[in-house]
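The values are calculated or read from the model by the stated rules, or taken from the named source; none is laboratory data. Please read all numbers here as calculations on a predicted model, not as lab measurements. FYI the Cβ positions are ideal-geometry reconstructions off the backbone, even for glycines, and counts take in every protein chain you see. What goes into the accessible areas is simple: the full protein's heavy atoms, side chains included, and nothing from ligands, DNA or RNA. Shrake-Rupley method; radii C 1.70, N 1.55, O 1.52, S 1.80 Å.
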Amino acid sequence: DVEEYQPPIWKSYLYQLQQEAPRPKRIICPREVENRPKYYGREFHGIISREQADEILAGVEGAYILRESQRQPGCYTLALRFGNQTLNYRLFYDGKHFVGEKRFESIHDLVTDGLITLYIETKASEYISKMTTNPIYEHIGYATLLREKVSRRLSRTKNESRKASVTSEENTPVEKITSLVRRAALTQNDNHFNYEKAHNFKVHTFRGPHWCEYCANFMWGLIAQGVRCSDCGLNVHKQCSKYVPNDCQPDLKRIKRVYCCDLTTLVKAHNTQRPMVVDSCIREIEARGLKSEGLYRVSGFTEHIEDVKMAFDRDGDKADISASIYPDINIIAGALKLYFRDLPIPVITYDTYSKFIEAAKISNPDERLEAIHEVLMLLPAAHYETLRYLMIHLKKVTLHEKENFMNAENLGIVFGPTLMRPPEDSTLATLNDMRYQKLIVQILIENEDVLF
């Protein structure tokens with residue numbers, strides 16, 4: 001039972017080291033310095049040598065000054081006392097202060113963060129290098145067993161239809177479970193589509209003490225202490241992010257829109273096989289538009305297509321795209337095409353684009369079909385499933401060619417550039433590849449029963 005679960009103990013060694021790190025001590029220049037940059041304070045000592053800086057800082061751990069280079073006037077240096085020696089760093093300002101990747105609002109913050117980093121790296125370099133060797137992320141009972149336990153608990157709760165007014169004692173164990181465990185404990189039911197997805201890590205500044213959800217160690221420093229997955233919220237050290245498996249479970253609260261969202265991210269967030277916008281549009285088109293003349297070739301009103309886009313972004317799978325709201329089926333067809341065009345990574349991914357183009361150039365039809373099939377197998381699962389479903393639909397469209405005048409070749413002309421784009425934004429490459437893009441989609445439609 002989940003009540004037996006004990007949250008992991010966070011490793012506090014690095015936190016203790018941060019508390020021990022030297023504090024910054026600003027050494028003020030006793031005289032008024034001419035031509036002092038307006039973004040520096042009285043810690044600026046003007047043009048002085050390294051030797052003079054060393055004398056000023058001698059014996060005071062954490063002391064710092066700013067100086068202008070004797071050799072390169074207009075270039076500035078942070079001189080910092082650490083480990084009984086004076087360290088000199090080239091200092092830059094672009095609205096914020098920096099000596100490396102991190103940018104700070106004040107020199108004081110920059111020095112504070114620098115002293116923390118220097119102290120921890122000096123005292124715990126070997127410890128840091130081994131942090132990823134026994135990750136809590138993969139700890140038995142933390143992810144695997146707990147997922148099963150919480151799944152049973154959730155299932156039992158659902159079946160018993162418990163009342164909302166549960167006691168605080170009942171809530172306490174669940175509240176103790178960390179965000180990582182909540183993600184690991186997603187119910188593995190029959191409708192769960194376990195597509196592999198890499199985390200979308202971005203550098204993040206954590207307010208207050210934070211611990212890495214991979215190695216369980218403290219994330220040290222003042223700013224940019226680690227990275228956060230913008231899709232699921234996983235917080236880890238930058239070095240730990242290289243070891244986290246491709247098991248991102250996007251949180252719907254973090255997915256702000258449907259259009260322009262990565263395809264795999266969207267389907268995992270909604271727990272569907274394909275993007276629900278694809279299912280909804282195709283369902284509507286097949287219900288009332290298969291015989292519509294010029295389907296997918298004739299454009300709907302742009303402003304109405306934008307309305308459909310906003311409806312999906314706002315309401316998700318609850319969006320109403322019925323005939324009573326949008327009687328012109330070309331609006332729905334246009335919204336579907338727009339969805340594919342807006343994808344940050346096309347359905348036929350950038351990684352596979354050149355392979356598809358090369359396959360299309362093969363003259364022998366059987367060899368070409370085999371080559372296309374091999375490349376299809378390289379597509380991410382969600383992309384493959386979406387493409388398969390779309391091709392089945394487009395095959396149905398061609399079965400009504402007499403009424404809609406849309407055969408596989410015509411649909412290839414429409415969908416070629418929509419489903420596949422060259423990795424580099426080159427107009428010449430796009431123009432040169434257009435006939436092969438068309439041919440690929442045409443072959444996929446004509447041979448969907450064989451290729452998929």
For the range 391-399, what does the Karplus curve 6.51 cos²θ - 1.76 cosθ + 1.60, with θ = phi - 60°, yield as ³J(HN,Hα) per residue in whole Hz, taken in order and with x for Gly and Pro? 5, 4, 5, 5, 5, 5, 4, 5, 5
Between the Cα axis of helix 302-315 and the main Cα principal axis of the chain, the angle (0 to 90°, nearest 10) is 60
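Probe radius 1.4 Å, ligands and nucleic acids left out: which of 251, 351 has the largest accessible area, and how do the rest follow?
On the way: 251 50, 351 125 Å².
Ranking 251, 351 by accessible area, largest first, yields 351, 251.
By accessible area of protein heavy atoms, probe 1.4 Å, what ranking do 301, 218 get, highest first? Show your work: numbers first, answer last.
Working: 301 130, 218 5 Å².
Result of the area sort, largest leading: 301, 218.
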Angle check, please: helix 427-446 long axis (alpha carbons) against the longest principal axis of the chain (alpha carbons), in degrees 0 to 90, nearest 10. 50
Using the Karplus equation 6.51 cos²θ - 1.76 cosθ + 1.60 (θ = phi - 60°), what ³J(HN,Hα) coupling, rounded to whole Hz, does each residue of the range 249-262 give in order, writing x for Gly and Pro? 10, x, 9, 4, 5, 9, 8, 7, 8, 9, 6, 6, 9, 3
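Rank 86, 265 by accessible area, highest first, at a 1.4 Å probe radius?
Values: 86 30, 265 5 Å².
Sorted by accessible area, descending: 86, 265.
Normalising by the residue count of the chain, find the relative contact order in percent from Cα pairs under 8 Å and 6+ residues apart. Can you show the working numbers first?
Values: 667 pairs, mean separation 50.1, N = 452.
It rounds to 11 percent for the chain.
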Across the range 226-242, in residue order, what do the Karplus-derived ³J(HN,Hα) couplings come to in whole Hz, using 6.51 cos²θ - 1.76 cosθ + 1.60 with θ = phi - 60° and x for Gly and Pro? x, 10, 10, 6, 6, 9, 10, x, 5, 10, 9, 4, 4, 5, 6, 4, 5
Calculated volume of the Cα convex hull per residue in Å³ (choose from [x] 216; [y] 280; [z] 233), label: [z]
With every protein chain kept in place and ligands, DNA and RNA left out, what is the accessible area per residue of the chain? Probe 1.4 Å, answer in Å². 52
Helix-only [θ]222 nm of the chain, DSSP H runs n ≥ 4, -39500 (n - 2.57) each, per residue, nearest 500: -13500 deg cm²/dmol
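Quantify, in whole percent, the carbon and sulfur part of the accessible surface of the chain (1.4 Å probe; protein heavy atoms only). Don't skip to the end; give the middle numbers.
Numbers: 11560 of 23600 Å².
The value for the chain is 49 percent carbon and sulfur by accessible area.
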For residue 396, the accessible surface traced by a 1.4 Å probe with all protein chains present amounts, in square angstrom to the nearest 10, to 80
With all protein chains present, calculate the accessible area of residue 50 using a 1.4 Å probe and round the result to the nearest 10 Å². 140
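Using mean Cβ contacts within 10 Å as the protection proxy, how do 116-129, 98-111 order, highest first? Mind dumping the intermediate values first?
Working: 116-129: 15.2, 98-111: 16.8.
Top to bottom by mean Cβ count within 10 Å: 98-111, 116-129.
So what's the net charge close to residue 341: Lys and Arg +1, Asp and Glu -1, counting the other residues with Cβ under 12 Å from its Cβ? If you can, show how the numbers build up before the last one.
Details: positive: 309, 337, 421; negative: 342.
Every neighbour counted, the sum reads +2.
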Measure nothing fancy, just the Cα-based angle from helix 107-129's long axis to the longest principal axis of the chain, in degrees from 0 to 90, nearest 10. 80
Given charges at Cβ of Lys, Arg, Asp, Glu: the chain dipole, positive-most of 97, 383, 216: 97
Heavy-atom accessible area of residue 384, protein chains in place, probe 1.4 angstrom, given in Å² to nearest 10, is 50
